[in-house]
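The values are calculated or read from the model by the stated rules, or taken from the named source; none is laboratory data. Since the structure is predicted, the reported quantities are computational estimates derived from the model, not experimental observations. Here the Cβ positions follow ideal geometry from the backbone for every residue, glycine too, while neighbour counts run over all protein chains shown. Surface areas here come from the heavy atoms of the whole protein model, side chains and all, with no ligands, DNA or RNA. Shrake-Rupley method; radii C 1.70, N 1.55, O 1.52, S 1.80 Å.
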Amino acid sequence: MTRSLILAILSSLLLVLAYPLSGFWGLAWAAMVPLLFALDGKTPRAAFGWAYLTGFFFFAGTLSWFIHVTLPGMLLLMMYLALYFGFFGLGYAYFQKLPPSWKIGILPALWVALEFIRDRFLSGFGWVCLGHSQYQILPVIQIAEFTGVFGVSFLVMMVNVVLKEMIKNRCWKTGVIPGLFSLLVLGYGALMVSITYAPKFGMKIAVIQPNVEQHRKWLPSSWDEITERLLALTGEAARHNPDLIIWPETAFPGFIWESPERFERIKDFTARQKIPLLLGAVTKVGERYYNSAILISGEGAVAAQYNKLHLVPFGEYVPFRRQLPFLSEIVPIADFSAGIELTRFPISQKSEPRPGEKNFFSALICFEDTVAGTARAMTRQGADFLVNMTNDAWFQDTQAPFLHLQAAVFQAVANRRSMVRAANTGVSGFIDEKGLVYSFVQDKAGKKTMRPGYVVDGIVRTRDGMSFYARFGDVFAYLCFGAVILGVIKRKISL
């Protein structure tokens, strides 16, 4: 028992260190090895327990910033997410008698199947997937244009299983085929990173990071000061003559229907600058409230509006509020309504695109850049690049903004669309279609969060058409489900 406990804790610690802010991404390639040894020979019940314990420690170490929103909610989230580790342990116990050559494929497929379910079930929670740990390693993540993040998760878990089997059986031949497969992935990734495409169009964009503390955001006494800060930063950014200026999610101070004069002031300011402004605001239609992105044209008129489609449970609405009224006591928030349609915002450029060609972008609000289906739908609808407007001030100065950034990188690569991020407290900046993150809002010391500022840089759409993932979706994840079923059949035949 002591040995298993040490191994479980060691795996969780190595995994935690593989993510920001530690960022020792290389540890992820071996972090699961101690747990795999701990699971060897265990009964299904024991394997579930040790894997569950590893998962709980891992999520506690990476997602503890939820405590700044709700302590009971954080504990419930840890307990829920750890179930996916537990089910992996259960599956490991089931498949452990398969030959090593089978386990090398089946166990990573099982892991991906569980990550996929976690990404979709109960509205989904796709943060801190195993593949996310590699977000800065461009040659590794290029396969996401075919597989999404799940292909990278498969690769990392496969290497963990191979290492464990090689150490246990002292047979280096086990790693030959997986090693060749890994080299193929890296070779393709290196090739894609090295390719430069003829640009389709280019835009200069300014991103505003106001750094408004969450406790002041909804105080009426703070709204005038917040407005002045936003307009001052916007005025400074406008001197660089960008094609578009972007404010974060719910950046508008207060509520438009209660402060129409403030909204008119912002529109007049935009008209004087003659630069379109995309801003986040809470809007209201009848008795319904929406988390919205509003595009104000260079003439000061509302050109388009997008109402967020994918709401965050316990952040923007309380699920099962009527059936389980005690949940409203744990998370005392009012419910937003989900939007009903995607919106394409027209691109207005000082340098015209190809003659007769119209270009568009789409906005992902808050955690929508972690929702693969939403980003993919926007790409398929014709978005030439993506914008993420978010407010991570809820989580204060923690690793949360960087974990959020990880997921955004994979959406950019999977859809081969550049992304601009405007975050209230950071991380704000630019991501190209290969996943390279550049031009942050940061202070002189390089700190990227909890600092007000702006950044102006170019974004270039470099590829026509859609990626395999944008066109066909999670084919790879479904193949992993098929592989697990094949493993079940193999096990039954072997018995």
Task: Of all residues in the range 450-477 being buried (at least 20 other Cβ atoms within 10 Å of the Cβ) and either more than 27 Å from A383 (Cβ to Cβ) or of a type in the set (F, W, Y) (or both), the one that is farthest from the chain's Cα centre (by Cα) - done: Y454
- [ ] Could you tell me which of the residues S428, S494 is within 30 Å of L98 (Cα to Cα), of a type in the set (S, T, N, Q) and touching a residue at least 12 places away in the same chain (Cβ under 8 Å)?
- [x] S494
Task: Single residue of the range 139-176 satisfying the filter (among the β-branched types (V, I, T), free of Cβ contacts under 8 Å to residues at least 60 places away in the same chain and more than 28 Å from G373 (Cβ to Cβ)) that is surrounded by the most Cβ atoms within 10 Å (Cβ to Cβ) - done: V162
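Given the options V140, V207, V156, V212, name the one that is modelled with pLDDT of 95 or more and in contact with a strand residue (DSSP E or B) (Cβ under 7 Å, 6 or more places away or on another chain).
V207
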Task: Enumeration of residues in the range 248-304 that are among the aromatic types (F, W, Y) and open to solvent by 70 Å² or more (accessible area, probe 1.4 Å) - done: W257, Y289
Open item on the list: Looking only at the range 48-61, filter to residues that are under 20 Å from the mean Cα position of the chain (by Cα) and crowded, with 21+ Cβ neighbours inside 10 Å; which one of those is farthest from L403 (Cα to Cα)?
Closed with: G55
Task: Subset of the range 11-23 (residues that are among the hydrophobic types (A, V, I, L, M, F, W, C) and either open to solvent by 70 Å² or more (accessible area, probe 1.4 Å) or closer than 17 Å to T398 by Cα (or both)) - done: L13, V16, L17, A18, L21
Open item on the list: Tell me the residue from S337, S328, S362 that is at pLDDT 95 or above, open to solvent by less than 60 Å² (accessible area, probe 1.4 Å) and among the hydroxyl-bearing types (S, T, Y), please.
Closed with: S362
TODO: Output the residue which, of all residues in the range 118-138 that are out of contact with any Pro (no Cβ under 8 Å at 6 or more places or on another chain) and among the hydrophobic types (A, V, I, L, M, F, W, C), is most open to solvent (accessible area, probe 1.4 Å).
DONE: F121
